[in-house]
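Down below is the structure, laid out as structure tokens.
The values are calculated or read from the model by the stated rules, or taken from the named source; none is laboratory data. From a predicted model like this one, the values you see are computed outputs, not experimental measurements. Cβ placement follows ideal geometry from the backbone for every residue including glycine, while neighbour counts extend to all protein chains displayed.
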Amino acid sequence: MCGRFVQAVDPETYAVVFGAEIVVSETLAPSYNVAPTDRVYAVAEHEGRRMLGTFRWGLVPWWADDVRIGAKHINARAETLATRPVFKDSFARKRCIVPVDGFYEWERKESGKLPHYVRAADGAPLALAGLWASRTDRDTGERLVSCTIITTSPNDLLRPIHDRMPAVLPRESWDRWLDPDAEDLEALRALLRPFPAGEMSEYPVSTLVNSVKNNYPECIAPLR
């Protein structure tokens, strides 16, 4: 799964990397410990324009009675996107990319769970495949835009640590994934394969990241 990640770069930088034409977003504070239900940056296409905006992490479908359902849907399994009611509408029409500097996975050890920080080998932002949804509150009219991160089977680098990993999209897949008019769902699902292990790096970090109260650069410092 993907339960914590890092977004510590300014939105203009993410917009340039992912070719977003405009930035529609409040500026979020740099976060070294993004947690479920936090506001996060994501990239999506709307009316022919690629935009970067802020979304609440944890997908809340348009038909949900309670926004708290989003806390249960921070991740979506690639294998069941087309069949699970909570995800299938978004998979068909509302796909996004969540740009991250890196993410955390926890390795089970006899002494407890050891967090590892995972990033691109070249230090560039990773493009996590995601879905988004929009819900309007029937009583207040307030609109909530939310997202989820898709997970897939691990690559050789992550397999010793965890049995899932975020679906990271290579640059050549970004346009196809974001195209809201793409209708071949099987071809889209085929993009959600393990990212090449040789293009990633990882190292263990302190259990500081276990607490959402800890949100500073020391969270990604290598464990000594």
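Any idea which of (1) buried (at least 18 other Cβ atoms within 10 Å of the Cβ); (2) more than 24 Å from Ala44 (Cα to Cα) is the one Pro222 doesn't satisfy? Single failed check for Pro222: (1). Pairing residues of the stretch 41-55 that are without any contact (Cβ under 8 Å) to a residue 40 or more places away in the chain and closer than 13 Å to Tyr14 by Cβ with residues that are part of a strand (DSSP E or B) and of a type outside the set (Lys, Arg), at Cβ distances under 6 Å and at least 6 apart in sequence or on separate chains, gives Met51/Ile22; Met51/Val24. For the stretch 12-70, the candidate set comprises residues that are assigned to a strand (DSSP E or B), out of contact with any helix residue (DSSP H, G or I) (no Cβ under 6 Å at 6 or more places or on another chain) and among the β-branched types (Val, Ile, Thr); within that set, the residue that is farthest from Pro115 (Cα to Cα) is Ile22. Please determine whether any residue of the stretch 44-61 is buried (at least 22 other Cβ atoms within 10 Å of the Cβ) and of a type in the set (Ser, Thr, Tyr). Taking every residue of the stretch 44-61 in turn, none turns out to be buried (at least 22 other Cβ atoms within 10 Å of the Cβ) and of a type in the set (Ser, Thr, Tyr). Among all positions in the stretch 161-177, there is at least one residue which is in contact (Cβ under 8 Å) with a residue 40 or more places away in the chain, over 15 Å from the mean Cα position of the chain (by Cα) and under 18 Å from Pro115 (Cα atoms).
Tell me whether the stretch 126-140 contains one or more residues that are among the polar types (S, T, N, Q), touching a helix residue (DSSP H, G or I) at 6+ places or on another chain (Cβ under 7 Å) and within 23 Å of Ala44 (Cα to Cα). Scanning the stretch 126-140, I find no residue that is among the polar types (S, T, N, Q), touching a helix residue (DSSP H, G or I) at 6+ places or on another chain (Cβ under 7 Å) and within 23 Å of Ala44 (Cα to Cα), so the answer is no.
Can you tell me which residue is surrounded by the fewest Cβ atoms within 10 Å (Cβ to Cβ) among those in the stretch 136-155 that are more than 15 Å from Phe103 (Cα to Cα) and touching a Gly at 6+ places or on another chain (Cβ under 9 Å)? Once the filter is applied, the top-ranked residue is Leu144. Residues in the stretch 144-163: is at least one assigned to a loop (DSSP other than H, G, I, E, B), closer than 25 Å to Phe55 by Cα and charged (D, E, K, R)? No, the conditions are met nowhere in the stretch 144-163. The condition (being under 22 Å from Val205 (Cα atoms) and under 11 Å from the mean Cα position of the chain (by Cα)) is satisfied by just one residue among Gly102, Gly130: Gly102. Across the stretch 186-206, not a single residue is classified as surrounded by 13 or more Cβ atoms within 10 Å (Cβ to Cβ), of a type in the set (Val, Ile, Thr) and within 19 Å of the chain's Cα centre (by Cα). Of the residues examined, Leu188 is not one that is in a strand (DSSP E or B), over 21 Å from Thr37 (Cβ atoms) and either touching a helix residue (DSSP H, G or I) at 6+ places or on another chain (Cβ under 9 Å) or small (Gly, Ala, Ser) (or both). Number of residues in the stretch 183-210 that are of a type in the set (Gly, Ala, Ser) and without any contact (Cβ under 8 Å) to a residue 60 or more places away in the chain: the value is 3.
Of the candidates Ser25, Ser31, the single residue that is over 25 Å from Ala197 (Cβ atoms), within 18 Å of the chain's Cα centre (by Cα), surrounded by 16 or more Cβ atoms within 10 Å (Cβ to Cβ) and at pLDDT below 95 is Ser25.
Identify, please: which residue in the stretch 105-115 is surrounded by fewer than 22 Cβ atoms within 10 Å (Cβ to Cβ) and in contact with a His (Cβ under 9 Å, 6 or more places away or on another chain) and is, among those, farthest from Leu223 (Cα to Cα)? The qualifying residue farthest from Leu223 (Cα to Cα) is Arg108.
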